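Note sheet for the following structure.
The values are calculated or read from the model by the stated rules, or taken from the named source; none is laboratory data. The model shown is predicted, which means the values in this text are computed figures rather than measured ones. Note: ideal-geometry Cβ built from the backbone for every residue, glycine included; neighbour counts use all protein chains shown.
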Amino acid sequence: MRFLCLLLICCLILTACSSTSNSSSVNEHAKHTPSLDVKLDIEDNQVTVKVNTDMTISPEHYGKARQDGEGHIHMYLDNGAKVAVKQGQQVFPNLSQGKHTLKVSLHNNDHTPYDVTKTYDFEIK
């Protein structure tokens, strides 16, 4: 009987230890969601897009393996083709007069999204 009680206690202790271990490993692998702030500077017929983020913009790892907190920026002007941006600033010159829309999103090195996106409307006069 003592043996069974001792065995039961050992099993309970091992189960508790493995549960604690699993929950801490989940926390270790939690993904950080980077911040995104964008400023548009409009001058004549061009817009300069300045991106401020706590994500590390990493041109040297562009297209390579994912590393949490690191990546690059995708921009879409007027629902056009993707512009991959590997620095904190991008200039769009020679824009036509009128209203425009710019979508800015943060992506991992391997192009998977961080699900951080902002859209801005602006006008060239």
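Residues being surrounded by 14 or more Cβ atoms within 10 Å (Cβ to Cβ) and within 11 Å of V51 (Cβ to Cβ): count how many of those fall in region 87-101.
Initial filter on region 87-101 (surrounded by 14 or more Cβ atoms within 10 Å (Cβ to Cβ)): 90, 92, 95, 100.
Remaining after also requiring within 11 Å of V51 (Cβ to Cβ): 90.
Number satisfying all stated conditions: 1.
Checked against (1) touching a Ser or Thr at 6+ places or on another chain (Cβ under 9 Å); (2) at pLDDT 95 or above, A65 passes all but condition (1).
Somewhere in region 26-37, is a residue out of contact with any Leu (no Cβ under 7 Å at 6 or more places or on another chain), modelled with pLDDT of 90 or more and within 17 Å of T119 (Cα to Cα)? Within region 26-37, one or more residues are out of contact with any Leu (no Cβ under 7 Å at 6 or more places or on another chain), modelled with pLDDT of 90 or more and within 17 Å of T119 (Cα to Cα). A residue that is in contact (Cβ under 8 Å) with a residue 12 or more places away in the chain and among the β-branched types (V, I, T) occurs nowhere in region 24-31. The one condition from (1) closer than 20 Å to V116 by Cβ; (2) touching a Ser or Thr at 6+ places or on another chain (Cβ under 7 Å); (3) modelled with pLDDT of 95 or more that K82 does not meet is (2).
Against the numbered list (1) at pLDDT 95 or above; (2) touching an Asp or Glu at 6+ places or on another chain (Cβ under 9 Å); (3) more than 17 Å from P113 (Cβ to Cβ), G71 comes up short only at (3).
Remark: pairs (first residue in region 110-125, among the hydrophobic types (A, V, I, L, M, F, W, C); second residue surrounded by 14 or more Cβ atoms within 10 Å (Cβ to Cβ) and in a loop (DSSP other than H, G, I, E, B); Cβ separation under 9 Å; 6+ apart in sequence or on different chains) = V116/P34; V116/L36; V116/T53; V116/M55; I124/L95.
Taking the criterion of being charged (D, E, K, R), part of a loop (DSSP other than H, G, I, E, B) and more than 22 Å from S96 (Cβ to Cβ), the residues of region 39-68 that qualify are D54, K64, R66, D68.
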